[in-house]
Amino acid sequence: MAQKTVEELNYDFVVVGGGSAGSVLASRLSERGDQVLLLEAGGSGREFIYDLPFLAAKLFAFKRNNWAFNCLPQENMQGRTQYFPRGKMLGGSFIFNGAQYIRGNPHDFDTWRQLGNTGWSFEDVLPYFRKSEKYFGGDNAFHSTRGVLPVSKPPVVNELTMVYLQACEQAGYSLNTDFNGATQDGFGIYDFNIENGRRATTARTFLRPAMQRSNLTVEVNAIVRRLVLKDKKAVGVEFEQHGKVKIARARREIVLSAGSINTPKILMLSGIGDPAEIERHGIQVEHCLPGVGGNLQDHVNVSVAHSSTKPVSMAKSLRVHKLTLEMMKSIVLKRGQVSRSPLEAGGFFSTQPGAAAPECQAVFIPYYPGQGLKIWMPWANELEGHSYVVHVWPNRPESRGKLWLKSANPKDAPIFDPHFLSSEYDMAVTREAIRITRRIFAQSAFDAYRGPELAPGADIRSDAELDHYIRSTSGIGHHTCGTAKMGQDDLAVVDEKLRVHGIGGLRIADASIMPTMVSGNTNAGTIMIAEKAADMMLAA
Ligand SMILES: Cc1cc2nc3c(=O)[nH]c(=O)nc-3n(C[C@H](O)[C@H](O)[C@H](O)COP(=O)(O)OP(=O)(O)OC[C@H]3O[C@@H](n4cnc5c(N)ncnc54)[C@H](O)[C@@H]3O)c2cc1C
């Protein structure tokens with residue numbers, strides 16, 4: 001019988017995953033003429049519907065173009081599981097995220113540096129944030145207009161959003177027009193990666209223009225199964241595309257950017273991780289790195305919501321005929337509700353004086369859908385009427401989880417247990433954040449709008465009642481990170497140059513390398529990591 005040959009391809013760099021980070025890497029690494037291959041498990045991501053920022057709230061609920069993971073039932077969430085949507089096409093999770101652009105607090109990066117990661121203090125990483133950025137507000141010490149990633153403010157916001165900001169001021173908080181500037185504290189309108197009413201993913205802004213280069217090859221529907229290792233060096237990757245198994249070899253380096261859930265999975269399938277975990281599935285251990293899949297973190301949030309006595313919330317755009325009109329407006333004129341993210345405003349605050357950086361983040365939405373976004377038919381009553389909500393969460397949670405393989409089959413999703421709400425600190429900060437939000441909603445600015453409290457409910461007051469509310473209703477912020485953390489301790493997976501400890505020719509650049517969570521949403525930080533990784537790889 002004739003031996004089946006495996007097709008082999010040769011490049012200088014191989015990038016695994018074309019998401020928020022991978023799209024930046026493929027673009028930057030191909031700038032100087034090196035032969036670069038990007039392998040993306042999903043499709044090309046050219047479906048127009050993903051460009052419309054408002055629709056994210058619906059699109060991530062569907063299984064299409066989505067890894068759609070679920071974690072194990074959570075002991076501290078009354079046995080509830082949590083849904084982890086993850087984008088599966090060029091653009092990765094950026095295709096249906098909230099498009100909020102928040103870098104985190106300088107304190108976060110200084111902490112990474114204090115943990116022994118030379119080159120990651122805020123002063124060190126600021127140039128990489130600036131490098132990507134095309135900032136609407138002009139050049140200054142924190143921002144640049146010369147990058148390709150648009151950062152803008154929404155052209156208009158809902159009336160309730162302005163009432164909320166007025167109430168924050170009445171409650172004694174300062175207003176902040178730039179959470180990524182001189183200070184993160186205070187409340188204001190968020191910045192977004194939206195340009196001309198369209199979501200500006202890194203696939204759209206970095207990768208697509210770079211795909212004109214003849215030295216950059218992008219293969220979609222190409223699922224990486226494992227690394228090819230030789231003498232403790234990664235020399236290639238094995239991937240499956242249209243039913244065929246192929247090998248892509250890298251003359252210089254391979255970089256994993258498959259995201260916080262799939263990056264550790266690929267490492268373990270390649271025999272890199274906790275030996276006991278790997279051997280259990282009959283995989284040969286290539287290198288002992290017990291931290292692979294550990295240190296899993298995310299933001300866990302709860303809602304504080306009221307009904308609105310005035311019919312001004314976003315619900316007015318959610319009747320089918322109005323939504324259709326808004327869609328048309330967005331498609332033709334590139335403006336209106338569908339061209340904006342629903343997460344309009346919010347802020348950063350502490351529950352006690354003396355915190356090194358704000359302990360909590362709040363996101364205000366001028367509509368509270370309760371159990372999922374409701375779109376009404378023209379003939380239906382507006383059953384729940386108008387409403388508004390704040391989602392709050394601790395910025396730097398202490399709860400840590402773990403991820404491991406289900407089997408040696410690359411097609412199986414990994415199993416993971418985030419141990420959400422296992423820390424008393426996380427609970428205490430969340431309780432106080434609810435109380436502070438209630439104080440803001442009680443200000444006179446809301447007098448003409450405030451209906452009954454819908455969540456937690458006016459009679460949920462004591463610590464025990466609030467704890468029950470948090471454990472029974474909280475959701476996640478979709479900021480999963482930390483599962484291949486950077487550091488020098490026994491559980492670290494990469495060093496400060498993002499090189500996998502003990503394995504040559506292999507780096508990781510995505511949200512999984514964050515040793516601790518950033519105080520804020522994770523996309524901007526992930527893009528910064530990719531910018532810095534590309535710089536280090538080209539310099540090597
Ligand atoms: C619903 C939702 C809302 C969010 N909202 C915000 C927000 O408003 N602001 C913010 O800052 N952050 C937000 N985030 C978080 C942010 O989007 C992520 O932190 C960021 O996208 C992570 O980037 P990444 O490159 O690490 O992974 P991803 O962007 O997920 O990219 C990983 C890529 O690798 C590919 N891949 C995986 N496995 C393989 C394999 N075996 N072979 C080949 N390719 C593979 C995937 O298909 C994907 O394209 C949100 C996330 C979600 C899910």
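The values are calculated or read from the model by the stated rules, or taken from the named source; none is laboratory data. On a predicted model such as this, the values are computed, not experimentally measured, just so you know. Here Cβ is always computed from backbone atoms with ideal geometry, including for glycine, and neighbour counts include all displayed protein chains.
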Inset, instruction - Mind listing whichever residues of the stretch 479-515 are within 16 Å of the ligand (Cβ to nearest atom), in contact with an Asp or Glu (Cβ under 7 Å, 6 or more places away or on another chain) and outside any strand (DSSP E or B)? - result: His479, Thr480
Inset, instruction - Just one of (1) under 18 Å from Pro366 (Cα atoms); (2) among the polar types (S, T, N, Q); (3) in the same structural domain as Ile508 (by TED's automatic domain parsing) trips up Gln284, so point out which. - result: (1)
Legend entry - Condition met for Asn301 (in contact with a Ser or Thr (Cβ under 7 Å, 6 or more places away or on another chain), at pLDDT 95 or above, at positive phi and of a type in the set (S, T, N, Q)): no
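Within the stretch 132-177, work out how many residues are under 30 Å from Gly487 (Cβ atoms) and either among the β-branched types (Val, Ile, Thr) or out of contact with any Ser or Thr (no Cβ under 7 Å at 6 or more places or on another chain) (or both). So that I can check it myself, show each step before the final result.
Applying the first criterion (under 30 Å from Gly487 (Cβ atoms)) to the stretch 132-177 yields 132-133, 141-144, 147, 149, 151.
Right, trim to either among the β-branched types (Val, Ile, Thr) or out of contact with any Ser or Thr (no Cβ under 7 Å at 6 or more places or on another chain) (or both) and you get 132, 141-144, 151.
Total meeting the criteria: 6.
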Inset, instruction - Take the stretch 257-288 and flag every residue that is away from the ligand (no atom under 16 Å from the Cβ), crowded, with 24+ Cβ neighbours inside 10 Å and assigned to a loop (DSSP other than H, G, I, E, B). - result: none
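Would you confirm whether any residue within the stretch 119-129 is within 16 Å of the ligand (Cβ to nearest atom), of a type outside the set (S, T, N, Q) and in contact with a Gly (Cβ under 6 Å, 6 or more places away or on another chain)? Full working, then the answer.
Here is the first cut: in the stretch 119-129, the residues within 16 Å of the ligand (Cβ to nearest atom) are 125, 128-129.
Cutting the leftovers down to of a type outside the set (S, T, N, Q) gives us 125, 128-129.
Next cut, in contact with a Gly (Cβ under 6 Å, 6 or more places away or on another chain) only: none.
For the stretch 119-129, residues within 16 Å of the ligand (Cβ to nearest atom), of a type outside the set (S, T, N, Q) and in contact with a Gly (Cβ under 6 Å, 6 or more places away or on another chain): absent.
Could you tell me how many of the residues in the stretch 426-459 are part of a helix (DSSP H, G or I) and of a type in the set (Phe, Trp, Tyr)? Explain how you work it out, then say what you get.
Initial filter on the stretch 426-459 (part of a helix (DSSP H, G or I)): 426-441, 444-446.
With the extra rule that they be of a type in the set (Phe, Trp, Tyr), the set shrinks to 441, 446.
So the count comes out to 2.
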Inset, instruction - Filter the stretch 19-43 for residues that are out of contact with any Asp or Glu (no Cβ under 6 Å at 6 or more places or on another chain) and away from the ligand (no atom under 11 Å from the Cβ) and give the result. - result: Ala26, Ser27, Arg28, Leu29, Ser30, Glu31, Arg32, Gly33, Val36, Leu37
Legend entry - Sole exception among (1) within 30 Å of Asp467 (Cα to Cα); (2) among the β-branched types (Val, Ile, Thr); (3) within 16 Å of the ligand (Cβ to nearest atom) for Ile95, by number: (1)
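How many residues does the stretch 344-361 contain that are part of a strand (DSSP E or B) and surrounded by fewer than 23 Cβ atoms within 10 Å (Cβ to Cβ)?
Here is the first cut: in the stretch 344-361, the ones part of a strand (DSSP E or B) are 345-349, 360-361.
This time we only want the ones that are surrounded by fewer than 23 Cβ atoms within 10 Å (Cβ to Cβ), so: none.
Total meeting the criteria: 0.
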Legend entry - Odd one out for Ser472, checked against (1) within 29 Å of Ala56 (Cβ to Cβ); (2) buried (at least 17 other Cβ atoms within 10 Å of the Cβ): (2)
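For Arg64, are the conditions met, namely being more than 22 Å from Glu195 (Cα to Cα), modelled with pLDDT under 95, more than 10 Å from the ligand (Cβ to nearest atom) and surrounded by fewer than 24 Cβ atoms within 10 Å (Cβ to Cβ)?
On the way: more than 22 Å from Glu195 (Cα to Cα): yes; modelled with pLDDT under 95: yes; more than 10 Å from the ligand (Cβ to nearest atom): yes; surrounded by fewer than 24 Cβ atoms within 10 Å (Cβ to Cβ): yes.
Spelling it out, Arg64 is indeed more than 22 Å from Glu195 (Cα to Cα), modelled with pLDDT under 95, more than 10 Å from the ligand (Cβ to nearest atom) and surrounded by fewer than 24 Cβ atoms within 10 Å (Cβ to Cβ).
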Inset, instruction - Filter the stretch 469-478 down to residues that are within 11 Å of the ligand (Cβ to nearest atom) and part of a loop (DSSP other than H, G, I, E, B) and give me whichever is farthest from Phe349 (Cα to Cα). - result: His478
